[in-house]
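Report on the structure given below.
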Amino acid sequence: MSRSTAVCVSAVFLLLATPPGVAQDYPAKPVVIIVPAAAGGPTDTLTRVLAASMGEALKQQMIIDNSGGAGGTIGVNKAAKARADGYTLLLYHIGMATAPSLYRKLQYDTLNDFDYIGQVADVPMMLIAKKATPAANFAQFLAYAKANKDKVTYANAGVGSASYLCGLLFMSAVQADFTMVPYKGTGPAMNDLVGGQVDFMCDQTTNTVPQIKSGTVRAYGVTTSRRLASLPDLPTLDEQGLKGFDLVVWNGLFAPKGLPKPALDKLVAALQTAVQAPAFRARLADLGAEPVPAAKATPASLGALLKSDIDKWAPIIRKSGVYAD
Ligand code: MLT
């Protein structure tokens, strides 16, 4: 066989080995991660920390596209409709599991429009209020809020968001309803809380810890069953009387359905490297968040979690009788 024929044959083999649409050098250009919430909020913060770590592993830049609104469903829909070429991803959370029950006319199919890359981190939440709130602890806060429930406002990131969900659970636990004030994310909501335009909020530690450390808001409790290592003096809502209150926000990395396997494999490997990176873990610990173990940074683990969570929240949401549309 002549040398030129040999070269052609091996080129053909190489082409056959690489499915269409995925160059051998994937990723050959920056990868976009859609964040279905406004910049400056908890999901944005987590995604930027991940993008730095995962970008290093991929030897490629990762860019954030903030597409907030409608409890995150606008950004999630954008990701569902994006090209499945490995250059558009989605980082979102528990909101992926609540939307199918809250939105009767969802524009995407949560269980069939996405490929799973893996879990990223679990983020506890906290009950916080504006600095001027006349209450030194949770009991005083509850008494004050209930006595003024017609004027006390609860900020959140829209129906289906984590802050909305926490509000729903909190109001049913204390048997009092407060006026919900929706934002495109808890980033802008936090600005108004610090400014005193709204009264209280339940938000992820990746957004609350910096404010608590700088003394710009009051904190009344964490939503997890155990106290946070980063804030050991802040009691849980459970130990302050809301028995069984236990809410943590899982976060996962997704891609539009149909991602070529070589790209998926590279992304899963890069995610696993990222969640084990000391800098990533240290930054999340500072923010009260818990990176997942590598065993959870897998498509199977995220897929199983999403399915079980959709089933868990459906009856709770049905019982609340709340629908977004
Ligand atoms: C955000 O990043 O703004 C949050 O994830 C919103 C939320 O779900 O509460």
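The values are calculated or read from the model by the stated rules, or taken from the named source; none is laboratory data. Since this is a predicted model, take the numbers as computed values, not measurements. Reconstructed Cβ throughout: ideal geometry from the backbone, glycine too, with neighbour counts over all protein chains shown. Ligands, DNA and RNA are excluded from the accessible area calculation, which covers all protein heavy atoms including side chains. Shrake-Rupley method; radii C 1.70, N 1.55, O 1.52, S 1.80 Å.
Couple of notes before you dig in:
- Taking only protein heavy atoms and a 1.4 Å probe, the accessible area of segment 71-171 is 53% carbon and sulfur.
- Label-to-label distance, Asn137 versus Ser4, with points set 7 angstrom from Cα along the beta-carbon direction: 8.9 nm.
- Computed E for Ala279/Ala39 - FRET, C-beta separation, R0 25 angstrom, nearest 0.05: 0.70
- Extent along the principal axes, Cα only, for segment 11-140: 74, 37, 20 Å, with the longest axis given first.
- Per-residue SASA entry for Ile212, accessible area with 1.4 Å probe, Å² rounded to 10: 40 Å²
- Relative to the 2.2 N^0.38 Å rule of thumb, the chain has a C-alpha radius of gyration ratio of 1.09.
- Hits among aspartates and glutamates - C-alpha to C-alpha of Lys149 under 14 Å, sequence gap 8 or more where chains match: Asp177, Asp199
- Spatial offset of segment 164-195 relative to segment 56-95 amounts to 24 Å, using the alpha carbon center of each.
- Degrees, to the nearest 10: 162-174 long Cα axis against longest axis of the chain: 30 degrees
- Surrounding net charge for Lys257, when Lys and Arg each add one and Asp and Glu each subtract one, Cβ distance under 10 Å: -3
- Solvent-accessible area assigned to carbon and sulfur over segment 181-325 amounts to 57 percent, based on a 1.4 Å probe.
- Taken per residue, the accessible surface of segment 39-116 reaches 37 Å², heavy atoms only and a 1.4 Å probe.
- Kirkwood radius, segment 177-311, all distinct C-alpha pairs, inverse of mean reciprocal distance: 17.4 Å.
- Qualifying aspartates and glutamates (Cα of each under 18 Å from Cα of Lys59; at least 8 residues distant if same chain): Asp25, Asp85, Asp265
- Pairwise FRET efficiency - Tyr323 versus Asp150, Cβ, R0 = 35 Å, nearest 0.05: 0.90
- Contour minus Cα-Cα distance for Val194 and Ile316 (0.36 nm per residue): 40.8 nm
- Per residue, segment 212-304 exposes an accessible area of 44 Å² to a 1.4 Å probe, with every protein chain left in place.
- Ala173-Ala300 pseudo-label distance in nm [points 7 Å out on the Cα-to-Cβ vector]: 3.4 nm
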